[in-house]
Structures are given as structure tokens and as C-alpha cells.
Amino acid sequence: MNNLQGLADYAIRAWFSVPDPARWPYTWLVYLGFILLAGLIAVGFAAGFAGPMSFIERRIAGRMMSRIGPNRVGPQGIFQFIADGIKSLLKEDIVPAEADRPLFLLAPYLVFTGMFGTFVALPFAAHVIAADLDVGILWLLAIPSLVVVGLLMAGWGSNSKWAVFGGVRSAAQLVSYEIPSAFALLSVVLFAGTLSTQGIIAAQGPWPWEWFIFRNPLLFVTFFIFFISALAEGNRAPFDLPEAESELVSGYNVEYSGMRFVFFFFAEWANLWVMSALATTAFLGGWQVPGMPAVEIAAMTGWRFVGWEALSFLIFALKTSVLVFVVVQLRWTLPRLRVDQLMTTCWKYLVPLSLITLTGNLVLLALVPERGVVDWMMRGLMVLIAAALALRYLQRVRANYLADRENYRKMEGKELWYPPYRLP
Amino acid sequence: MSDTLVAVVFYGLAIFTLSGAALVAFSRNIVHSAFALFATFVGVAGLYALMSANLLAVIQLLVYAGGILVLILFAVMLTSRIDEARVSNHAWGRQPAAWAVGGLTAILIYVAVKAPLKAPMIKGALGGPAAFGDALLGPYVLPFEIISMLLLAALIGAVTLARGRDAAEAAKLAKPAEAAAPVQAAEPAQAAEPAEAAEPAEEVNA
């Protein structure tokens, strides 16, 4: 019962008391219902993430820029995204007079579909996944092509030079950075021996030294190649050239208004989850619960099964959220790249580097036996380095906060208006 | 999957693919044609997926929709005056084309009706990456390697065409031009006037 069809068959047997679902005439209706239900849950989850994320990102941005951010609608302003959504729904849906009408109207849906298509193959917990495709990773690389076409369509359909520039930049960026990210994922696929996302998670273990990122020094580098490429593919700062406000007003979405405009931003914030979840799946061990193998969870029944599934989802969500926070933090700290720097980063550094790591990973895969002495030494070394980096990061955060507090006291003569753990 | 569902999905995908193809062929706006091609590619990928050829479906999306179509779109969008049908999408010879297409369709329908096409659905993991890889590196390893050589040759050819001439080559080519330069220098002065005169005429045509 680890896929949708199994679940549907189980439901048919249980609810309609049909012994053999394959011979029952209405089976396809139930299947269709389950497919729609799974789609609704996936889009609902993405919406439930993208909405609050827009608020959280604005609050974090406010904190990093020493301002407050949205805090008016609801306690601490958490209903800001609902207010924004209602406002956008009620706004007029304007199509510019000179626009290419069918393309202009269709484009947001393509972007939306492309972004939410990735949720088909993204795992959430030990047995919660819409479809555990045997080509899962390839699907996750292929389906964003809908986004590329959608952005080009938006740019062209708007019949505005800013929109065309934004659309073409975005497509060029996506197509270029697809290559290093595909090579990075290929290394992981080689070590896992499967293209299925659940299979890749199963090939790792719950503890950090069993994750692919710490498996050897080259995979550690590969993770950062993937992460940078994913940032660029998602048009996130410092790679947000398609919407460079100082050059292009707002890029491909400049002519859109109302709900169609929101669709673009919705997809962008949902993409935060998609890229972080993909990184978690491929490099950070996914939903693995320490001390409880997935096989044992599958053998459980009733509420115990649900409980362990929920725990594995929490672990997955926690790892993903850490990455999401890093992405948000990068957006509000790094300046934007120039177009030529963007292409240099991809073609002159990331692509050759990803080829080198891929070849090196192949050599290591062939020469170093898994769980041998050398393997364990490499894993231990990588975990120690990562721990040192994490400690250094926390130390810097503390030092920055203390310096900030000292400056504030000198300038204003009073204590800082926010403590580090609370939003203003 | 039950047969009813398979039939519904198949006819839905077929209509989607064919209407995309019709739009590619009949649209007067070449940008619309290029975008309609995307619908065709996605529809074909869906048909592959319906026949359990998962890998082929995803590769279709990745290579055709994500790579080739984007390239076509770039070419179309970076060409000037592309959405004027008289410039970019000039139609000629409609009647012979209709005869050719009609005849070809008749032959294809005849073949489809007469041929014993009772191909069953691909069962199990045959369309998956593992079986595909085994087939490529087992019985079909020679054609596979030959195709990779062909692609490599195409790649090298493309790089050679795209690469600018290197310094030594450029110097060799520049020498005869320099010898002829005094003669040519006089020409642009004469040539400039007709060129300027030609420009307004072109705008009238447009």
C-alpha cells in the first residue's frame, strides 16, 4: 500500500466490499477521484506553505534591514497573506490592449502547472508521496520546462520590452543552470543506484554521517553546486535578474494584475519548498527517523503508523525549513549579479566543477568500498568539518548581535528594541 | 488500470496532441505555432506515459519541451518583425500541399486499418530506466555507441562553426583584403547614398 493505486484498491475493497477491484466496472471512477484528491492535497499543501512563507519572508527581511515589516493584520501580522490574497482576487484582471491575448491569459497557468507538477514526485514522509515514479529525479528536472515556456509566453504575450527581457533572461538562466544541477543530481543517482526519490532517501541513513552530503569531500562540493544552481533556477536572489527592479521594473510579470500576478508569486514561493525539499531528499537524508527503519514503519498499522509517519514528516519539514531560511537569508544579504557574471558563474565555474566532481565521484564509487575503513574516515572527517562550520556560523550570529546591541546603546542610549528570539 | 480509464485518457491526450499539431500547421502567427508545438510535445509525452514508457515520456519532456522548444522560441523571439504573417509565415502552394497531405493520410489510414496492430500495453518495468539501460548496454550497444559518435561529431561541428577564427587564421585572411583596401576605400562613399535611399522604400513596402 505504498502508492496511490494501492490505496485506492484498499479503499474499494473496504468501502464497497468488492473483492477484486480490477474486475469492478466503477474502479476507474474511484481512481479518478483519488487522483483528484491527491492533486488537491498537493496544491493545498503548496498553498499552505507559499502563503505564510510570503509573510515570514517579509518579517525576516524586516528584521535583517532593521525595520518592522508587516505587523498590522492579525496578531504579529500573520494574516497579511490572506489580506493580500483577497485584495488580489477582488482586483480587476487587466489585459493590455496591445497584448497577445491568448498567450497573455495562458502564461500564468503554465508557470503554475510547471511548479506544482514537481509535487508529484516529491516525498513528504516515509510513505506519503503522490507517485513514487521510477524516473522521479528526471521528472523533477523535466517538469520545470513548463515554467520556462510559461515565462517566455508571459514575456512575449505582454508585448512590453521589460517583460520580454525578463522572460528571455529567465529562460536563458533556467536552461543554463539546469546543466550543473543535473550533473550534481547525477552523482547522487550513481551512489543511490536509482532515480526514484524514495529510493534515494532509502539509500541514505538517518544520522548525518550516513547522508550523501557527508559521504565524501566531492559530494560535499556537489551539494553546494546543486544548491547554487537551484537558487538560480528558482530566480532567487542573488540570481533574480529576470525581475531586476533597477533595470526591468519587475520583469516578465510587469503587465499582470490581480490574481494572475499572484499566480507568478505563488509559484515562486512554492518553489522555495520544492528546491529545499529536493536538496533534503538528495543530500540530507530526507525523512529518515533515527532508530526506526522505513520497513518497520510500513509493517505498523493504525495510529502507530500515522504517528511515525507524522514524525518522519516533521523531520523532513525541519530539514527543509532550515534550507528555506538560508535561502531567504541569502536573498536579503547578497547583492544581485550582473548578466555576464551570471553566465560566467554557470558556464566557466559550475559546469566544469560539476564535471570534475562527477568524474571524481565515479572514481570514489569504484575504488572505495562502502562502509570500509576509508569510507568511514571520509564520512567522519566531513561531519567534523561541517560541525566546525556550523559552530563558526553560530559564533558569527552571536557576535553580530552583540555588536548591534552595543552600537544601539551608544547611539540611542537605551536597550535594543528587539531581543534575538522575538519578532517586534 | 481499467480499460475505460485508459480509453478516456488516450482519446483526451490524442485530441490534445492533434489540436496542438493543427495549431502549429494552420496558425498565421509563427509565435503561436511555436507555443502550440509545446502542447504537441507534452501530449506525446503523455501518450508515452500511458504506454508505461516512463523514461521515454520524461526524456521527451526534458529534451523536446525543455531544450529544443526553448531554442526554437529563442530563435523566433529574437527575429525582428516575426509576428507579421506576410514576412515570417508566407503561405504558397496550398493546393499541391493539400493533395500531398491528403494522399499521405489516405495511405497512413490504409496501413493502420490493414496492419495487425494489436500491441498490448507494456507490462511492468519494461519502460523503466533499469530495463532501458540494460537494453542499451546489452543487445543494442553497437547502435547506441554509433549514435553517441554521431552526436559527438555534431557537437564538434557546431563548436567549429560557432567559434571565431583564431588569430593566425584571421591574419592570413586579412592580408589579401588589406592589399585590396585602397580600391575598396573609395567604394563606400558611393555605396552609402543608394543604401540611404533604399531605406524609406523598404518602410513603404512594409
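Before moving on, here are some points about what is shown:
- Residue list for region A:332-345, filter: in a helix (DSSP H, G or I), exposed (fewer than 14 other Cβ atoms within 10 Å of the Cβ) and of a type in the set (Ser, Thr, Tyr): A:344
- If only residues of region A:93-129 that are within 14 Å of chain B (Cβ to nearest Cβ), aliphatic (A, V, I, L, M) and over 22 Å from the mean Cα position of the chain (by Cα) are counted, the one that is surrounded by the most Cβ atoms within 10 Å (Cβ to Cβ) is A:103.
- Scanning region A:346-369 finds no residues that are at pLDDT below 85 and in a helix (DSSP H, G or I).
- Region A:135-190: number of residues that are closer than 21 Å to residue B:56 by Cα, part of a helix (DSSP H, G or I) and without any contact (Cβ under 8 Å) to a residue 40 or more places away in the chain: 7
- Which numbered condition residue B:37 fails, given (1) within 9 Å of chain A (Cβ to nearest Cβ); (2) of a type outside the set (Asp, Glu); (3) crowded, with 21+ Cβ neighbours inside 10 Å: (1)
- Looking at A:186, A:151, A:190, A:195, just one residue is at pLDDT 85 or above and within 8 Å of another protein chain (Cβ to nearest Cβ), and that residue is A:195.
- Just one residue in the set A:243, A:309, A:296 is surrounded by fewer than 23 Cβ atoms within 10 Å (Cβ to Cβ), over 12 Å from the mean Cα position of the chain (by Cα) and within 20 Å of residue A:176 (Cα to Cα); that residue is A:243.
- Close pairs (6 angstrom Cβ cut-off, 6 or more residues apart or separate chains): more than 13 Å from residue A:293 (Cα to Cα) and touching a residue at least 12 places away in the same chain (Cβ under 8 Å) in region A:196-213, among the basic types (Lys, Arg) and surrounded by fewer than 22 Cβ atoms within 10 Å (Cβ to Cβ) anywhere: A:209/A:379
This table checks each residue for (1) under 22 Å from the mean Cα position of the chain (by Cα); (2) touching a residue at least 24 places away in the same chain (Cβ under 8 Å).
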{"position": "A:46", "(1), (2)": "yes, yes"}
{"position": "A:49", "(1), (2)": "yes, yes"}
{"position": "A:57", "(1), (2)": "yes, yes"}
{"position": "A:60", "(1), (2)": "yes, yes"}
{"position": "A:71", "(1), (2)": "no, yes"}
{"position": "A:77", "(1), (2)": "no, no"}
{"position": "A:83", "(1), (2)": "no, no"}
{"position": "A:89", "(1), (2)": "no, yes"}
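The values are calculated or read from the model by the stated rules, or taken from the named source; none is laboratory data. All figures in this text were calculated on a predicted structure; none of them were measured in a lab. Cβ coordinates were reconstructed from backbone atoms using ideal geometry, including for glycine residues, and neighbour counts include every protein chain displayed.
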